[in-house]
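Trainee: What follows is a single structure, and I will ask about it in a moment.
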Amino acid sequence: GENVEQHPSTLSVQEGDSAVIKCTYSDSASNYFPWYKQELGKGPQLIIDIRSNVGEKKDQRIAVTLNKTAKHFSLHITETQPEDSAVYFCAPGGGGGADGLTFGKGTHLIIQP
Amino acid sequence: NAGVTQTPKFQVLKTGQSMTLQCAQDMNHNSMYWYRQDPGMGLRLIYYSASEGTTDKGEVPNGYNVSRLNKREFSLRLESAAPSQTSVYFCASRLTGVNTEAFFGQGTRLTVV
């Protein structure tokens, strides 16, 4: 199965600064790279995803970049706001294996006022 | 459109008791999943069902059973609850295929005393 690692496990940034979370994976056949956001007391929700034929994707203040050679992809959040405080998960997949959906252990992002 | 609905939201069990967590989705998804979430451990896959009539073990299946009752419903059963099964449980679903967004329920907080 896919081995997924996320770093850092906790990230504290000042409001207005940028945040970057990195996800590494093991399956070189993976071709789908999503990021999920989990707010307190809720289930995770997709915020952005990228497929392997694209190196970068942006949606307003968030972006995802992909390095398939190095087998990692990153979530970038610019101009952070208090509502960005949450736990973020990556879940790379699409490698043709079983349908099980494997998540990283999560990154707790804290936005300091 | 309700999405993924889990019941109950909260439950307290005594060691050795049994219970079934219910999950239903109204998005006509083929694949459904059960996860448990513990502090520092991220989302760990318990069981999944790639289609009606099929189920497969995930990373942490011991102590659990599942039933894919029909396309909409996927239940998780604890036959003899143990304190180690104290956790937050999430159900998720997505369309067939691995390059698609997963939708999550709101979670069930289970405490075994």
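No value in this document is a laboratory result; all are computed from the given coordinates. On a predicted model such as this, the values are computed, not experimentally measured, just so you know. So basically every Cβ, Gly included, is an ideal-geometry build from the backbone, and we count neighbours across all protein chains shown.
Trainee: Provide the per-residue ³J(HN,Hα) series for the range A:26-40, in order, calculated from phi with Karplus coefficients 6.51, -1.76, 1.60 and θ = phi - 60°, each as a whole number of Hz, with x at glycine and proline positions.
Mentor: 10, 7, 5, 8, 4, 9, 9, 9, x, 10, 10, 10, 10, 8, 4
Trainee: Please order B:ARG44, B:ARG94 by the number of other Cβ within 10 Å, starting at the fewest. Spell out each step's value before the answer.
Mentor: Numbers: B:ARG44 17, B:ARG94 23.
Going from least to most buried by this count: B:ARG44, B:ARG94.
Trainee: Oh, and also: If the elastic network links every pair of Cα atoms under 10 Å, which of A:GLY43, A:GLY93, A:GLY55 fluctuates the most in the Gaussian network model of chain A?
Mentor: Comparing A:GLY43, A:GLY93, A:GLY55 in the GNM, the peak value goes to A:GLY43.
Trainee: Give the lysines reachable from A:LYS71 as a straight Cα distance under 28 Å; neighbours fewer than 8 places away on the same chain don't count.
Mentor: Output for A:LYS71: A:LYS22, A:LYS37, A:LYS57, A:LYS58, A:LYS105, B:LYS57.
Trainee: Ok, one more. Could you work out the relative contact order of chain B, using alpha carbon pairs under 8 angstrom and six or more residues apart, expressed as a whole percent?
Mentor: On the way: 296 pairs, mean separation 40.3, N = 113.
Relative contact order here is 36 percent.
Trainee: Quick check: pseudo-label points 7 Å beyond the Cα along Cα→Cβ at A:ASP59 and B:GLN17, how many nm apart are they?
Mentor: The two pseudo-label positions are separated by 4.0 nm.
Trainee: Here is a further query. Between A:ASN67, A:ASN53, A:ASN31, find the one with the highest GNM mean-square fluctuation for chain A; connect C-alpha pairs within less than 10 Å.
Mentor: Maximum among the listed residues: A:ASN53.
Trainee: What is the fewest-to-most order of B:CYS23, B:CYS91 by other Cβ atoms lying within 10 Å of their Cβ?
Mentor: On the way: B:CYS23 25, B:CYS91 28.
If I rank by nearby Cβ atoms, fewest first, I get B:CYS23, B:CYS91.
Trainee: Using a 10 Å cut-off around each Cβ, can you sort B:PHE103, B:PHE90 from fewest to most neighbouring Cβ atoms? Let's see the in-between values first.
Mentor: Numbers: B:PHE103 19, B:PHE90 26.
The most exposed by this proxy come first: B:PHE103, B:PHE90.
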